[in-house]
Amino acid sequence: MQIITTHKNTDFDALASVIAGTLLYPDAVGVIPKMVNPNVARFLSTHKTAFNIILPHEVEHALIDTLVVVDTDKWQRLDRMDKLKNRKDIEIHLWDHHMNGGDIDAHWACHEAAGATITLMVREMRKRGMSLSPLASTVMLIGLYEDTGHLTFPSTRAEDAHAAAFLLENGADLHVAGFFLNPPYEENQKEILFELMKQTDKLKINDHSIAVNIVKLDGKVMTMANVVNMYRKIINVDAAFVIFVNEADQRSMIIARSGIDRIDVGLMMKNFGGGGHSGAGSATVKFQDLTPEALKKAIIEQIQKDQKEVARVSDIMSFPVTTVPPDTTMREVHTIMAEQKIRGVLVVDNGELLGIIVLWDFKKIRQERQWDSPVKAFMARNITTITPDVAPTKAAQIMVTNNIGHLPVVHEGEVIGIVTRTDILTYYYDLLPD
Ligand SMILES: [Mn+2]
């Protein structure tokens, strides 16, 4: 007997991957954990019979010869599969996009960073020339969209979009997808969102905006991932960390969401015994290991510590900088710019920065004789500068708000470089030659 299973608290990517598994392994049956996310439960309540799936207690472990695990690489996340852990006679296959180092030792694996596990499985189905039913395509599209935030999370790869295209070609229904992707918020979820908004405390760390909240949960821990996601978007921070405190169980559950590459919350949560991917992560921490307050401190410290790895203006600036004395004629400056293929030149007198002249300023020349005027007559004064130790995002912000394309970098009163739009674009889009 072959079975395909996935992690507890099953989300749509996990469900979709199990269903994809039943298509890729036609003799296998899908095993869905007892605990699934509420929107998955809602979906299964009406669609369960359409798929070849059963519950863990229906599995006859002794008969199993092949185990296919999807969307997790950790034994502890599986439901009632401990019995199989040490069996030597079972062949294990793994399909997963979590790259945090799990303990499932597979005989065969498709283990790659992608926005969703379903992407990897869809790629295989495309390769085999399979076509899918509209229903299967729809579930898979929901899984793909949920894990990639509709292809907007930084973890999204081109491969994910290819998968989305394939699923749409196979008739995935966006109305159905939209219904399950945007579950109406339950009353207590709304209350918690409101609670979070009331105590919002935005922090600025390494030019990133962060929110770390501690919220007490009375009773059961519900699915808070959507709430945290929405919270992050409403308060407009780069990353949100919510510590849900469960006094009864003496433990906290952290749910983290990040909208930027530089803060990889999956990696961060790994330090607390959890996991996830760069855009979404979670972890459960016992009070005896870290109190909620200590946890908050630890999260903030971790983000602060990462500062060293973040690029600075000094890493992206161009240097040496071309400068001219204030009496240089416009004609000479123009020649220098043409020769060096640059769009801006700094005007410096005895080491003192007086102004900047950019290509655009030459449009001010109306008469031929003005080409012989000194550059100081045309240059812009009171120029905005930046220090070398700030983040490139800050430089980009200044350039956008002041509508300037050149930002001299000044260290201890001396110009040591210049940041141009090209430098910024090169940095953001990794255009640097290796
Ligand atoms: Mn996933």
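Could you tell me whether Ile356 is crowded, with 17+ Cβ neighbours inside 10 Å and out of contact with any helix residue (DSSP H, G or I) (no Cβ under 9 Å at 6 or more places or on another chain)?
Values: crowded, with 17+ Cβ neighbours inside 10 Å: yes; out of contact with any helix residue (DSSP H, G or I) (no Cβ under 9 Å at 6 or more places or on another chain): yes.
The answer is yes for Ile356.
Matching residues to (1) under 30 Å from Glu414 (Cβ atoms); (2) buried (at least 19 other Cβ atoms within 10 Å of the Cβ):
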| position | (1), (2) |
| --- | --- |
| Asp264 | no, yes |
| Asn271 | no, no |
| Phe287 | no, no |
| Lys297 | no, no |
| Pro320 | yes, no |
| Met330 | yes, yes |
| Thr335 | yes, no |
| Glu339 | yes, no |
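Filter region 115-147 down to residues that are of a type in the set (A, V, I, L, M, F, W, C) and either in contact with a Cys (Cβ under 7 Å, 6 or more places away or on another chain) or not in a helix (DSSP H, G or I) (or both) and give me whichever is nearest to the ligand (Cβ to nearest atom).
Checking each candidate, the answer is Ala116.
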Residue list for region 104-125, filter: surrounded by fewer than 16 Cβ atoms within 10 Å (Cβ to Cβ) and more than 25 Å from the chain's Cα centre (by Cα) = Asp105, His107, Trp108
If we keep only residues of region 80-103 that are within 16 Å of the ligand (Cβ to nearest atom) and modelled with pLDDT of 95 or more, then the residue farthest from the chain's Cα centre (by Cα) is Leu94
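The values are calculated or read from the model by the stated rules, or taken from the named source; none is laboratory data. Since we're looking at a predicted model, the values are computed, not measured. Every residue, glycine among them, receives a Cβ derived from its backbone with ideal geometry; neighbour counts consider all protein chains shown.
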